[in-house]
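Asker: First the structure, then my questions, so here it is.
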Amino acid sequence: MNKKHFPAAVVLFALIGLSLLTPLPWNKARSAGHGNSPAVQIGETDLRIRLGSPADSCKAREIDKLLQEAYEKGAFSGQVLYAENGKVLYNRCFGFSDVRRHRDSIRPYTAFQLASVSKPFTAVAVMQLYQDGKIDIRKPVKEYLPDFPFEEITVEHLLQHRSGLRNYIYVADRYWPDKKKPLSNRDITPLLKKHVNHLDFPPGSRFLYCNTNYAYLALIVEEISGLPFAEYFDKNIAQPLGMERTFVYDPANPLSDSVARGYSYSRRTGFYKRNPDFLDGVVGDKGLYSTAEDLYRFDQALYRDDFLPDSIRSLMFTPAVELSPGHDGDYGLGFRIKQDTSGHVIVFHNGWWKGYRSYFTHDYQRNRTLIWLNNRSDVTVNPYIEKIFEIAGSYYPEEARQEASYANKAESRMTDRNETYGSTE
């Protein structure tokens with residue numbers, strides 16, 4: 001036997017033995033309980049811009065032209081990322097962290113307050129615990145938070161914004177005694193018990209978007225996991241997904257220079273900076289800071305069973321009330337859900353909070369993603385978002401173009417045949 005070469009059979013048996021000794025990915029995922037076990041590293045996300053076809057290049061060029069013109073008109077300041085079929089086609093930063101003085105250019109690593117785009121992450125944390133059998137979303141909140149003031153509200157009611165709770169923001173704005181002291185999630189119950197002793201409607205009877213729901217969900221995560229919400233999030237979502245620039249705001253720690261400051265606008269003073277205040281002590285409904293690239297890592301994880309099983313995703317992406325022509329939008333578990341006239345459904349979430357606007361569209365049916373983070377709350381970019389999707393839909397790969405051509409020819413031949421011989425339909 002030549003000592004420099006192993007027989008193929010020996011190599012094959014060695015590889016089989018190694019595979020038997022190596023834990024399979026799904027075994028690793030299942031063995032890691034949420035909250036108290038080491039986090040499981042989910043597969044890496046490709047953030048390189050990949051224009052694999054002339055159609056991709058056309059899309060990227062048209063999107064850049066649209067956004068460059070919008071930015072030059074003063075329409076926004078922030079990060080924009082567009083991807084489809086697991087490929088990033090566009091990823092660019094515009095403007096400055098210091099909007100007023102045009103200083104500190106926004107970079108890919110610059111973090112933004114996500115505002116209500118924090119809610120999908122809070123919902124994922126809850127559903128991870130549901131997956132592990134540590135929580136039943138159809139049980140009353142009071143089973144997990146004994147001092148919760150209302151008996152009939154379930155965890156699912158919170159997730160779907162169908163609880164009837166009052167918005168703690170308005171209650172705290174009126175009754176919180178010391179506006180220099182941060183309000184916390186645990187302060188909400190005493191506040192409601194003292195000043196609001198009723199619900200706006202019977203739980204489950206209708207939808208009303210309310211931040212209180214997600215503040216309580218974050219508190220439930222803490223109670224069940226035994227970890228502060230920020231620690232649970234970092235251990236079970238941020239670290240496994242490689243979201244190194246994403247964190248939960250802590251009033252005890254000042255924001256770093258790598259965070260884009262939020263700005264509002266008034267005709268009298270122009271742009272003015274918005275600083276965190278006493279309401280920023282509450283998290284779950286808001287409070288996450290992240291980047292477009294980190295959000296894309298989360299977006300791609302929503303397609304993978306090693307992060308959330310398909311059964312859990314299906315629950316999250318199912319509206320509380322079935323969509324119809326007269327009811328084309330609703331809320332699932334942590335996501336808004338919209339259906340257009342063709343029956344196409346997307347899940348998404350937008351956010352606004354004191355100097356920031358955020359947009360996250362996860363078009364899972366067409367495998368398209370648009371992430372747009374702004375550090376100006378005076379902007380409304382919805383028309384540009386619609387235009388980006390129009391651009392994306394107007395170009396498609398040559399293979400699809402050929403398939404469409406073949407389909408059109410076949411349909412034409414069938415039409416000719418039916419006109420000649422008569423249709424049986």
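The values are calculated or read from the model by the stated rules, or taken from the named source; none is laboratory data. Bear in mind the structure is a predicted one, so any value in this text is a computation, not a measurement. Counting neighbours? That spans all protein chains shown, and the Cβs are built from the backbone with ideal geometry, glycine included. Surface accessibility is based on the protein's heavy atoms, side chains included, excluding ligands, DNA and RNA. Shrake-Rupley method; radii C 1.70, N 1.55, O 1.52, S 1.80 Å.
Asker: For segment 174-190, enumerate the residues that are open to solvent by less than 40 Å² (accessible area, probe 1.4 Å) and more than 17 Å from D147 (Cβ to Cβ).
Answerer: Residue satisfying the conditions is W176 alone.
Asker: Mind checking which residues of segment 130-173 are closer than 21 Å to E322 by Cβ, out of contact with any Ser or Thr (no Cβ under 8 Å at 6 or more places or on another chain), open to solvent by 10 Å² or more (accessible area, probe 1.4 Å) and not in a loop (DSSP other than H, G, I, E, B)?
Answerer: T154, E156
Asker: Could you tell me whether segment 379-391 includes any residue that is farther than 18 Å from E69 by Cβ and touching a strand residue (DSSP E or B) at 6+ places or on another chain (Cβ under 9 Å)? Please lay out each step first, then the result.
Answerer: So the first thing to find is which residues in segment 379-391 are farther than 18 Å from E69 by Cβ, and the list is none.
No - not one qualifying residue is present in segment 379-391.
Asker: Can you tell me which of D378, D294, D310 is over 19 Å from Y263 (Cβ atoms), open to solvent by 50 Å² or more (accessible area, probe 1.4 Å) and of a type in the set (D, E)? If you could, list the steps in order and put the result at the bottom.
Answerer: Working: D378 fails: over 19 Å from Y263 (Cβ atoms); D294 fails: open to solvent by 50 Å² or more (accessible area, probe 1.4 Å).
When all the criteria are applied, what remains is D310.
Asker: Something else about it: Taking segment 191-235 as the region of interest, how many residues are touching a Ser or Thr at 6+ places or on another chain (Cβ under 8 Å), outside any loop (DSSP other than H, G, I, E, B) and either open to solvent by 30 Å² or more (accessible area, probe 1.4 Å) or over 21 Å from I153 (Cβ atoms) (or both)?
Answerer: 1
Asker: On to the next question. Hey, among the residues in segment 335-354 that are outside any strand (DSSP E or B) and closer than 20 Å to I385 by Cβ, which one's least open to solvent (accessible area, probe 1.4 Å)? Break it down stepwise before answering.
Answerer: First, the residues of segment 335-354 that are outside any strand (DSSP E or B): 335, 340-344, 354.
Now restrict to residues that are closer than 20 Å to I385 by Cβ: 335, 340-342, 344.
Values: F335: 0, D340: 64, T341: 153, S342: 88, H344: 21 Å².
Out of the qualifying residues, it is F335.
Asker: Can we say E62 is among the acidic types (D, E) and closer than 25 Å to V347 by Cα?
Answerer: Values: among the acidic types (D, E): yes; closer than 25 Å to V347 by Cα: yes.
Considered against the rule, which asks whether it is among the acidic types (D, E) and closer than 25 Å to V347 by Cα, E62 comes out as yes.
Asker: Hey, V282 hits all of (1) of a type in the set (A, V, I, L, M, F, W, C); (2) more than 24 Å from the chain's Cα centre (by Cα); (3) surrounded by 13 or more Cβ atoms within 10 Å (Cβ to Cβ) but one; which does it fall short on?
Answerer: Single failed check for V282: (2).
Asker: For the structure I just gave you, tell me whether P190 is within 22 Å of F278 (Cβ to Cβ) and at pLDDT 95 or above.
Answerer: Yes: the conditions hold for P190.
Asker: State all residues of segment 64-88 that are part of a strand (DSSP E or B) and within 17 Å of T291 (Cα to Cα); if no residue qualifies, say none.
Answerer: Start the filter on segment 64-88 by keeping residues that are part of a strand (DSSP E or B), which leaves 78-84, 87-88.
Of everything in segment 64-88, those that are part of a strand (DSSP E or B) and within 17 Å of T291 (Cα to Cα) turn out to be G78, Q79, V80, L81, Y82, A83, V88.
Asker: Of everything in segment 313-334 that's charged (D, E, K, R) and over 15 Å from the mean Cα position of the chain (by Cα), which residue is surrounded by the most Cβ atoms within 10 Å (Cβ to Cβ)?
Answerer: Here is the first cut: in segment 313-334, the ones charged (D, E, K, R) are 313, 322, 328, 330.
Still in the running and over 15 Å from the mean Cα position of the chain (by Cα): 322, 328, 330.
Values: E322: 8, D328: 15, D330: 19.
Top of the filtered list is D330.
Asker: Kindly evaluate D98 against the criterion of being touching a residue at least 12 places away in the same chain (Cβ under 8 Å), open to solvent by 70 Å² or more (accessible area, probe 1.4 Å) and closer than 20 Å to S377 by Cβ. I'd like the intermediate steps shown before the answer.
Answerer: Values: touching a residue at least 12 places away in the same chain (Cβ under 8 Å): yes; open to solvent by 70 Å² or more (accessible area, probe 1.4 Å): no; closer than 20 Å to S377 by Cβ: yes.
No: the conditions fail for D98.
Asker: Read through the list (1) on the phi < 0 side of the Ramachandran plot; (2) in contact (Cβ under 8 Å) with a residue 40 or more places away in the chain, then give the number of the only condition that G226 fails.
Answerer: (1) is the only condition that G226 fails.
Asker: Could you say whether any residue in segment 198-219 is more than 19 Å from the chain's Cα centre (by Cα), within 30 Å of S97 (Cβ to Cβ) and free of Cβ contacts under 8 Å to residues at least 24 places away in the same chain?
Answerer: Checked against the condition, which is being more than 19 Å from the chain's Cα centre (by Cα), within 30 Å of S97 (Cβ to Cβ) and free of Cβ contacts under 8 Å to residues at least 24 places away in the same chain, segment 198-219 yields no hits at all.
Asker: Answer yes or no as to whether A70 is surrounded by 17 or more Cβ atoms within 10 Å (Cβ to Cβ) and over 22 Å from V259 (Cα atoms).
Answerer: On the way: surrounded by 17 or more Cβ atoms within 10 Å (Cβ to Cβ): yes; over 22 Å from V259 (Cα atoms): yes.
Yes, satisfied.
Asker: Can you tell me how many residues in segment 240-278 are surrounded by fewer than 20 Cβ atoms within 10 Å (Cβ to Cβ) and not in a loop (DSSP other than H, G, I, E, B)?
Answerer: Going through segment 240-278 one residue at a time, the tally reaches 10.
Asker: I'd like to know if segment 288-302 contains one or more residues that are over 16 Å from the mean Cα position of the chain (by Cα) and either over 21 Å from Q128 (Cβ atoms) or not in a strand (DSSP E or B) (or both).
Answerer: First, pick out the residues of segment 288-302 that are over 16 Å from the mean Cα position of the chain (by Cα): none.
Within segment 288-302, not a single residue is over 16 Å from the mean Cα position of the chain (by Cα) and either over 21 Å from Q128 (Cβ atoms) or not in a strand (DSSP E or B) (or both).
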